[in-house]
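Heads up, the thing below is written out as structure tokens.
Every read-out reported here was derived from the displayed coordinates using simple, explicitly stated rules and does not represent laboratory data. All values reported here derive from a predicted model rather than from experimental measurement. Note: ideal-geometry Cβ built from the backbone for every residue, glycine included; neighbour counts use all protein chains shown.
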């Protein structure tokens, strides 16, 4: 409802657009924002229209057709006024709002109808002091010395005065002239109660001063809960019925009637989240998880102490392990010797067989040499044969490398390890299968030339 007093505000529709600015386009080393035309002044060439420009338009300006006010249902407003009037009679709410009512005799504060005929401010102040409102008036005057927070103090609203007592009257016989000049004091006619005065800022509990006639008229305005309950001056209005006749819940819950039938309060178990501890570093936690850990630690300590049964058991176990290891080492050595022996016999047999083969080859070569010596060739043929044999022998020479210790020898395989006196340079002329050319080579190794 406080929004219903607002007045529309906003900027002029054409503010910032009262120039014929156009963009210069690209290629001028300036931005593409529209610029003021003309020359001879600093304004020419300046950017315009944009909300980021000096003298430009405003982004999303306030419009006068904004929804300034708010519609509130009539019954809803009546309920709010009735609740605010009821709150003026509760000292707790009045004091919570900040009013100083320590010396006020009672709430709601109702005075005689003669107050409506008072027309002098001097008399009105004296009446308020008599009713115990001196502290309240001092609070209002002191607040006028403090500056307002915000920019309002730059706009003619430098101070913000606190709200004082609200005088509610039925007939204006001069009461408005008497109280209107007292700081903080406001007046309101009972027939037109204002919710913004009864609950400023939406806070219930305004300190109100009722005249007797105004207080009686409240029943005609809002009705009552008993009987018909319909308000006479507000057609069809009924006071809102409270959901609870007694709002003191603690008194209801602690009453004997309720406590007799309810169960005793159960206390929820307190779950304390403990710190997670490492079992390998905290022996107490390890023993809690594994009860045998304590005995294992004791046995380990006894196993290191001389003269204990556990120490003797450890020594016997170590001795048995040493004997077992020694026995295993002996069997391993025996097995290795057998392996070496097996391999050595095999190598000896292979060497012997190789020597036997070489001896047989040497015998065959010697026999062939003897037969060649016995054969008779004529001198010319013998010379040619000798020359051909030497050439074939030269062509079938190969490089034979027995091992790294021996020197490289160019000896044919048929003459390796053959006595020098048994070497025979013998060549055979044979024809290879599928070839018309004769092959001249050594009869023993088959090497030669075509």
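If a/c stays under 1.5 just call it rounded; otherwise compare a/b with b/c (prolate if a/b is bigger, oblate if not). Do that for region 325-372, with a ≥ b ≥ c from the square roots of the Cα gyration tensor eigenvalues.
prolate
Per residue, what volume in Å³ does the convex hull of the Cα atoms of region 88-216 enclose?
Expressed per residue, the convex hull around the Cα atoms of region 88-216 is 114 Å³.
When ranked by the protection proxy of mean other Cβ atoms within 10 Å per residue, highest first, what sequence do the peptides 104-114, 167-177 form?
167-177, 104-114
Which value results for Rg/Rh of region 1-85 when Rg is the Cα radius of gyration and Rh the Kirkwood radius based on the inverse mean 1/r?
In region 1-85, Rg relative to Rh is 1.37.
Just order 286-298, 261-273 by mean Cβ neighbour count inside 10 Å, highest at the front, would you?
286-298, 261-273
Between residue 46 and residue 276, take the C-beta separation as r, use R0 = 51 Å, and let me know the FRET efficiency to the nearest 0.05.
After rounding to 0.05, the efficiency reads 0.15.
In Å, the Kirkwood hydrodynamic radius of region 38-110 over pairs of distinct alpha carbons?
That comes to 18.5 Å for region 38-110.
Based on a Kirkwood Rh over C-alpha pairs, give the Stokes-Einstein translational diffusion coefficient of region 249-308 at 4 °C and viscosity 1.567 mPa s in µm²/s.
76
Which distance in Å, rounded to a whole number, links the C-alpha centroids of region 121-175 and region 293-359?
Taking the Cα centre of each part, region 121-175 and region 293-359 sit 111 Å apart.
Work out how much length residue 149 to residue 117 would gain on full extension: take 0.36 nm times their residue separation and subtract the Cα-Cα distance, in nm to one decimal.
7.6 nm
Compute log10 of I(q)/I(0) for region 149-308 with the Debye formula, placing one identical point scatterer on every Cα and leaving out solvent, at q = 0.14, 0.15 Å⁻¹, to two decimals.
One equal scatterer on each Cα of region 149-308 leads to -0.98, -1.03.
In angstroms, what radius of gyration and Dmax does region 186-268 have, counting Cα atoms only?
19.6, 57
Give me the one-decimal nm value for the distance between modelled label points at residue 212 and residue 295, 7 Å along each residue's Cα-to-Cβ direction.
9.8
With only alpha-carbon atoms in the gyration tensor, what are the semi-axes of the equivalent ellipsoid for region 21-62, in Å, largest first?
Values for region 21-62, descending: 20, 13, 7 Å.
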